[in-house]
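First comes the structure, then the notes that go with it.
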Amino acid sequence: MAESILEIKDLKIQFQNGKHIVQPIREVSFQIKAGQTVGIVGESGSGKSVTSLAVMGLLPDRISSIPSGEILFDGKELTKLKEKEWRKIRGNEISMIFQEPMTSLNPVFTIGQQLSEPLKRHRQLSNKEQKAAIIKVLKQVGIPRPEQIIHEYPHQLSGGMRQRVMISMALLCEPKLMIADEPTTALDVTIQAQILSLLKKITSKKDRSLMLITHDLGVVAEMCDWVVVMYAGVIVESAEVNELFDRPLHPYTRGLIQSLPSNNERKSKLYAIQGQVPKPEQVKQGCIFANRCPLAMEKCFQESPPAFQEDGHLSKCWLQSSDEGVVR
Amino acid sequence: MLDFIVKRFFQGILVVFLVLTAVFFLMRLSGDPTTLFLPQDASREQIEAFQHQMGLDRPLYVQYGEFMGNAVQGDFGESLRTQQDALQSVLDRLPATFQLAAAALILALVIAIPLGVLSAYYRNSIFDRVAVGLTVIGQAIPTFWMGLLLIFLFAAQLKILPSGGAGTPIHMILPMLTLAFYSTARFTRFTRSAMLDVLQQDFIRTAKASGTPTFPLIMKYALKNSLIPIITLVALDLGELLGGAVITEIVFSWPGVGRLIEQALMTRDFPVVLAGVFIIALIYTVINFLADVIYAYVNPQIRVK
């Protein structure tokens with residue numbers, strides 16, 4: 001098996017505002033192997049984005065802290081890095097594609113000026129070499145007439161084009177790990193498909209790993225090798241992608257899969273998981289999903305389930321405990 | 001871009017025209033200068049002779065037509081008081097006003113922009129709170145009071161600076177400080193809030209994610225965005241400063257346009273008032289025009305339209 005490029009161990013993150021403390025990430029462990037695409041799935045508020053920001057060292061520094069846990073990137077522990085060391089990694093070894101292509105580019109600088117930024121910080125290149133590298137990567141992401149585009153401003157490009165520019169920015173320094181935070185959520189459906197196939201093309205090359213954050217299981221099925229399902233700051237299930245869709249173990253994952261509309265059930269009512277993700281401060285004892293779980297038992301409200309593991313397929317649910325008899 | 005400039009140019013002419021019209025009629029509403037220029041016991045004949053000589057006995061629309069016809073040629077008539085060319089006497093005062101305004105503006109910008117940026121970056125720190133507190137004071141103290149306080153401290157008590165007049169650079173220090181104080185406070189607040197807004201934008205996170213260090217992140221990527229609202233404010237303030245910081249010029253006996261207009265108003269010296277207003281309107285228009293051009297330079301979204 002390939003080396004793991006990113007390994008997160010028992011990560012906890014907390015935000016503090018005065019005396020008010022919340023823990024958006026309560027316990028997260030997973031790894032991404034070289035060349036792998038790992039999907040992080042969950043509803044809004046499950047902690048997906050916070051996890052990704054922690055990997056980039058972009059958590060709001062004044063209020064957030066990591067009380068315990070490790071983030072190992074290529075064998076290097078990231079949680080204790082100083083800002084200066086972070087800068088050498090960001091945009092260079094780990095890069096990120098954000099959700100909002102419309103607002104993620106600076107409106108008063110040209111595309112070329114913005115794309116030259118990571119090269120300026122991480123590579124010693126002449127202006128000419130910089131320009132050549134930028135044009136090359138713009139071609140790679142399928143932007144027509146890159147020689148002109150570099151002199152244009154973000155508002156002159158469509159959403160899809162801007163997201164391509166964001167992807168090219170993430171690609172520029174050939175990072176080992178790319179993080180895409182809901183890269184297609186803000187785009188039209190037809191453009192979504194284009195961007196996804198572009199991401200797929202990019203990750204199929206070399207040993208490039210991708211951490212894909214999404215709430216769309218369709219995207220996961222299309223793109224990922226491995227899936228991590230998050231709920232209220234905890235990983236509830238994690239498995240190889242086919243295994244997860246064929247044999248979802250956690251009731252939350254099952255709910256998510258059932259919520260997917262499929263083409264041939266037009267008139268039937270869409271399935272929805274009742275209720276909402278609890279806020280971090282609301283989680284008390286027992287299983288975090290118990291209050292929304294259709295299969296919840298008495299035990300679920302009292303004791304938090306440990307991680308049950310079977311051939312790498314992990315699930316945090318009392319249903320997997322052998323005492324309870326396996327219900328599938 | 002050329003279209004834009006031509007359009008703004010004609011708009012500017014229209015503005016100056018409208019301002020002159022408004023002031024012309026308002027001035028006539030304020031009363032007749034005859035009573036001020038002639039002694040109390042002047043005879044009916046003397047009054048009529050004076051009014052005839054000044055053209056005040058003709059219908060208002062005729063006076064207006066003649067005034068505009070002459071104004072287009074730069075002729076605003078002679079001062080009723082000094083018999084000098086009205087426009088020329090305003091222009092003579094312009095350099096003093098320019099000097100003071102430029103000095104005050106530069107001082108304000110040099111202090112306010114770094115202060116505002118630092119305040120936003122260290123938001124809610126002690127530094128930020130002190131800076132915000134000072135800006136509130138700066139905006140709350142009326143200019144004339146500030147001027148008097150400075151005179152009291154530096155001229156009356158410490159006796160290190162002159163309390164008024166002009167001539168040497170030293171004379172400029174107190175009026176410059178007085179004017180700059182208010183502008184600095186306004187610019188600082190504006191820079192701070194514009195910066196706070198920009199620092200929360202997604203594109204700042206993007207720049208951070210490419211490994212941009214703090215200094216270029218703030219001074220390049222954030223500041224250029226914050227400048228857009230600041231330019232408007234600077235243009236407005238500069239208009240005010242150049243239009244004659246009337247009160248400051250009076251407090252410090254500074255021989256600028258503001259003081260001239262104030263004196264002319266008191267004596268209903270119509271030609272001088274109108275010439276002065278013409279120059280101020282012109283200055284405002286030119287500054288706004290320049291601000292628009294700078295805007296287009298800073299904000300590409302305006303440039304394209």
Using the charge dipole of the range B:86-304 (Lys, Arg: +1 at Cβ; Asp, Glu: -1 at Cβ; taken about the Cα centre), state which of B:H171, B:L217, B:G276 has its Cα farthest towards the positive end. B:L217
Part-to-part distance (alpha-carbon centres) for the range B:222-257 and the range B:1-61, which is given in Å: 27
Give me the percent relative contact order of chain A, please, defined on Cα pairs under 8 angstrom at least 6 residues apart. 21
Nitroxide proxy distance, nm - points 7 Å out along Cα→Cβ at B:R129 and A:S204: 6.0
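Taking the Cα centre of the protein assembly as shown as the origin, how large is its charge dipole in debye, to the nearest 20, when only Lys and Arg (+1) and Asp and Glu (-1) carry charge on their Cβ atoms?
Approximately 1220 debye in magnitude.
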Under the helix-only model (-39500 (n - 2.57) for each DSSP H run of 4 or more, divided by the residues of the protein assembly as shown), the mean residue ellipticity at 222 nm, to 500 deg cm²/dmol, is -16500 deg cm²/dmol
Check A:M96: other-chain or 5+ apart residues with amide H under 5 Å from its amide H, H built from backbone geometry? A:G91, A:I179
At most 15 other C-beta atoms within 10 Å and a DSSP loop state: those are the exposed GluC sites (Glu not before Pro) I care about. Give me the longest piece of chain A that has none. A:4-264
Rounded to the nearest 0.05, what FRET efficiency is calculated for B:I141 and B:Q84 with R0 set to 30 Å and r the Cβ-Cβ distance? 0.20
In whole Hz, the Karplus estimates of ³J(HN,Hα) for the range A:303-318 (6.51, -1.76, 1.60; θ = phi - 60°; x where Gly or Pro) are 10, 6, x, x, 7, 8, 10, 9, 6, x, 7, 9, 8, 9, 7, 4
Calculate the dipole size of chain A relative to its Cα centre from +1 charges on Lys and Arg beta carbons and -1 charges on Asp and Glu beta carbons; express the result in debye to the nearest 20. 1100
Counting Lys and Arg as +1 and Asp and Glu as -1 over every other residue whose Cβ sits under 14 Å from the Cβ of A:T184, the net charge comes to -3
For the range B:86-304, what does the alpha-carbon gyration tensor say about shape, rounded, prolate or oblate, given a ≥ b ≥ c as the root eigenvalues, a/c under 1.5 as rounded, and a/b over b/c as prolate? oblate
Using a 10 Å cut-off on Cβ to Cβ distances, tally the other chain neighbours for every residue of A:116-125 and report the average as a whole number. 3
Remind me, relative contact order of chain B in percent, using alpha carbon pairs under 8 angstrom and six or more residues apart? 27
Could you please report the charge total around B:T82, scoring K, R as +1 and D, E as -1 over all other residues with beta-carbon less than 13 angstrom from its beta-carbon? -2
Test of understanding: ordering B:F252, A:F308, B:F270 by Cβ neighbours within 10 Å, fewest first, what list do you get? A:F308, B:F270, B:F252
Measuring from label point to label point, each 7 Å out along Cα→Cβ, what is the B:L290 to B:L236 span in nm? 1.9
Hey, got the average number of other protein chain Cβ atoms within 10 angstrom for residues in B:209-221? 6
Taking neighbour Cβ counts within 10 Å as the exposure measure, how do A:V277, B:V15 sort from fewest upward? B:V15, A:V277
Roughly how many whole Å is it from the C-alpha centroid of the range B:146-179 to that of the range A:1-57? 62
Provide the packing ranking of A:183-193, B:53-63, i.e. peptides ordered by the mean count of other C-beta atoms within 10 Å per residue, highest first. A:183-193, B:53-63
Roughly what % antiparallel, to the nearest 5, for the DSSP beta bridges in the protein assembly as shown? 60
With θ set to phi - 60° and the Karplus curve 6.51 cos²θ - 1.76 cosθ + 1.60, what are the ³J(HN,Hα) couplings of the range B:31-37 in order, to the nearest whole Hz, using x for Gly and Pro? x, 9, x, 3, 4, 7, 8
The answer for trypsin sites (Lys or Arg not before Pro) in the range A:139-215 that fall in a DSSP coil and have at most 12 neighbouring Cβ atoms within 10 Å is A:K205, A:K206
Which ordering of A:I134, B:I250, A:I235 is given by a fewest-first count of other beta-carbon atoms within 10 Å? B:I250, A:I134, A:I235
Summarise the partner chain shielding of A:88-94 as one whole number: the mean count of Cβ atoms from other chains within 10 Å of each residue's Cβ. 3
Rounded to the nearest Å, the spacing of the alpha-carbon centers of the range B:191-213 and the range A:187-229 is 28
In the range B:86-304, if the dipole is taken from +1 on Lys/Arg beta carbons and -1 on Asp/Glu beta carbons about the Cα centre, which of B:V110, B:P255, B:M195 is farthest to the positive end? B:M195
Apply the Karplus curve 6.51 cos²θ - 1.76 cosθ + 1.60, θ = phi - 60°, to the phi angles in the range B:97-113 and return the couplings in whole Hz, x for Gly and Pro. 5, 4, 3, 5, 5, 4, 4, 5, 5, 4, 4, 4, 5, 4, 7, 5, 5
With +1 on each Lys and Arg Cβ and -1 on each Asp and Glu Cβ, and nothing else charged, work out how big the dipole of chain B is about its Cα centre, in Debye to the nearest 20. 1600
Under the rule rounded for a/c under 1.5, else prolate if a/b exceeds b/c, else oblate, using alpha carbon gyration tensor axes a ≥ b ≥ c, the protein assembly as shown is classed as prolate
In a Gaussian network model of chain B with springs linking alpha carbons closer than 10 Å, the residue among B:A108, B:A281, B:A166 that fluctuates most is B:A166
Per DSSP, the loop-located trypsin sites (Lys or Arg not before Pro) within the range B:83-178 having at most 14 other beta carbons within 10 Å are B:K159
As straight-line cross-link partners of A:K316, the qualifying lysines (C-alpha separation under 26 Å, not fewer than 8 residues apart within one chain) are A:K9, A:K12, A:K33, A:K48, A:K279, A:K284, A:K299
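Give me the percent of DSSP beta bridges within chain A that run antiparallel, rounded to the nearest 5. Don't jump to the answer; show the numbers that get you there.
Working: 29 of 49 bridges.
Of the beta bridges lying entirely in chain A, close to 60 percent run antiparallel.
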12 Å beta-carbon shell around B:A112, net charge (K/R +1, D/E -1): +2
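Since every read-out is calculated from the coordinates, none of them should be taken as a lab result. These numbers were taken from a predicted model, which means no experiment stands behind them. Methodologically, a virtual Cβ is constructed for each residue, glycine included, from the backbone with ideal geometry; neighbour enumeration extends over all protein chains shown.
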